[in-house]
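Below: one structure, written as structure tokens.
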Amino acid sequence: MIAPTTAIEICRFLHDSALLVLWGTAAFIGFLLPRSLQAETVSRLSSLPVGAAVLSLATTVVTLPLQAASIGSGWGDAVDWETLGAVLFDSSVGAAWQAQAAAGVALLLAFAVGRKHRMAAVAVCAAMAIATLSLTGHASMGEGWQRIAQRSNDIVHLLSGGAWLGALLPFLVVMKMLDVAELHGPAQLALRRFSTAGHGAVVLVVATGVVNSWMVLGRWPTDWSAPYQLMLSLKIAAVMVMTGLAVVNRYVFVPIIARNPATAIRAIRLASVVEILLGLAAVGLVAVFGTLDPF
């Protein structure tokens, strides 16, 4: 049987990935897509948005007994009501869990909003759910203004990263709409908006990542004998490759579309899929090293 801490890391990965993807997807559809493309894009994404919301809430629920097992004496404490109550009501972990659970419920309720504003409502609730992630981990370890600064920086980092990662899914859907004559114009507009917003997201991810590393370590993560610093370095490498692919997509392949659309679009799609995989790898690394001693 796996250790409770390993199970928590798996839950963190699934939970964080679901929220980040849902936030970026819903924000792209709700705020950047022309109205004429929204229904079609949601339809092509099928059950992904609802599935991500359900997964985020399910992993939140499961995390509480896992935390009880980790804090207590093992798996037996995962179903011990006294231990569960102590974790839920008498610890910072429990307070964070309550906020995350409330955000998860609100996120599911957002799908009841009318179709016209549904994705915008989901994006707002997903953003609030992401903000609760800063209540645990290294962002909550400081005191006073330092804790506020770290949490604020962490929230911006997560939101910008999620906007980048999550928007790539509807981006790929919209790319296919370029082949449909009546959708070509709105699809081009959506892609231009994605490009503009994407520049900002990439800059914020890199800037807040540098600030976060400096606030936690006080220097660059060069001591690879420490698992935290090794995995942080791998995450930085993944983000650097993602940035390189995004730059190549925008400034190499996009201009080629006019001359050789089939080849350029195929290359953009492939690079975008690699970006998604690298982004998920980065989230997985954070799920593990986010609970480790930086030194």
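The values are calculated or read from the model by the stated rules, or taken from the named source; none is laboratory data. If you're wondering where the values come from, they're calculated on a predicted model, not measured in any experiment. Note that each Cβ is placed from the backbone with ideal geometry, even for glycine, and that neighbours are counted across all protein chains shown.
Would you confirm whether or not segment 68-79 contains a residue that is more than 30 Å from Ile2 (Cα to Cα), among the aliphatic types (A, V, I, L, M) and surrounded by 15 or more Cβ atoms within 10 Å (Cβ to Cβ)?
Scanning segment 68-79, I find no residue that is more than 30 Å from Ile2 (Cα to Cα), among the aliphatic types (A, V, I, L, M) and surrounded by 15 or more Cβ atoms within 10 Å (Cβ to Cβ), so the answer is no.
Return the only residue of Val122, Val87 being touching a Pro at 6+ places or on another chain (Cβ under 8 Å), surrounded by 19 or more Cβ atoms within 10 Å (Cβ to Cβ) and of a type in the set (A, V, I, L, M, F, W, C).
After applying the criteria, what remains is Val122.
So is Met231 modelled with pLDDT of 95 or more, touching an Asp or Glu at 6+ places or on another chain (Cβ under 6 Å) and buried (at least 18 other Cβ atoms within 10 Å of the Cβ) or not?
Criteria not met by Met231.
Quick one: which residue in Ala53, Ala39 is buried (at least 21 other Cβ atoms within 10 Å of the Cβ), within 24 Å of Ala163 (Cβ to Cβ) and of a type outside the set (Val, Ile, Thr)?
Ala53
Tell me which of these Ile265 doesn't satisfy, since it passes every other one: (1) crowded, with 16+ Cβ neighbours inside 10 Å; (2) closer than 30 Å to Glu9 by Cα; (3) β-branched (Val, Ile, Thr).
(2)
Considering (1) loosely packed, with under 15 Cβ neighbours inside 10 Å; (2) within 23 Å of Ala123 (Cβ to Cβ), say which one Ala58 fails and leave the rest.
(1)
Specify which of the listed residues (Val206, Val274) is touching a Ser or Thr at 6+ places or on another chain (Cβ under 9 Å) and either touching a residue at least 24 places away in the same chain (Cβ under 8 Å) or under 26 Å from Ala18 (Cα atoms) (or both).
Exactly one residue qualifies, and that residue is Val206.
Looking at (1) farther than 30 Å from Ser46 by Cα; (2) buried (at least 19 other Cβ atoms within 10 Å of the Cβ); (3) in contact with a Ser or Thr (Cβ under 8 Å, 6 or more places away or on another chain); (4) not acidic (Asp, Glu), which is the only condition Leu107 fails?
(1)
For every residue, the table says whether it meets (1) of a type in the set (A, V, I, L, M); (2) without any contact (Cβ under 8 Å) to a residue 24 or more places away in the chain.
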residue	(1), (2)
Gly144	no, yes
Ile148	yes, yes
Leu168	yes, no
Glu182	no, yes
Gly185	no, yes
Arg192	no, yes
Ser195	no, no
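Please state which one of Ala190, Ala149, Ala163, Ala238 is more than 16 Å from the chain's Cα centre (by Cα), of a type in the set (Gly, Ala, Ser) and surrounded by 17 or more Cβ atoms within 10 Å (Cβ to Cβ).
After ruling out the rest, the residue left standing is Ala190.
State whether one or more residues within segment 225-243 are in a loop (DSSP other than H, G, I, E, B) and closer than 28 Å to Ile155 by Cβ.
yes
Within segment 113-170, which residues are of a type in the set (Ser, Thr, Tyr) and within 14 Å of Leu19 (Cα to Cα)?
Result: Thr132, Ser134, Ser160.
Would you confirm whether any residue within segment 47-54 is β-branched (Val, Ile, Thr), touching a residue at least 60 places away in the same chain (Cβ under 8 Å) and on the phi < 0 side of the Ramachandran plot?
Checking segment 47-54: at least one residue is β-branched (Val, Ile, Thr), touching a residue at least 60 places away in the same chain (Cβ under 8 Å) and on the phi < 0 side of the Ramachandran plot.
Scan segment 268-295 for residues that are surrounded by 15 or more Cβ atoms within 10 Å (Cβ to Cβ), of a type in the set (Asp, Glu) and more than 16 Å from the chain's Cα centre (by Cα) and jot them down.
none
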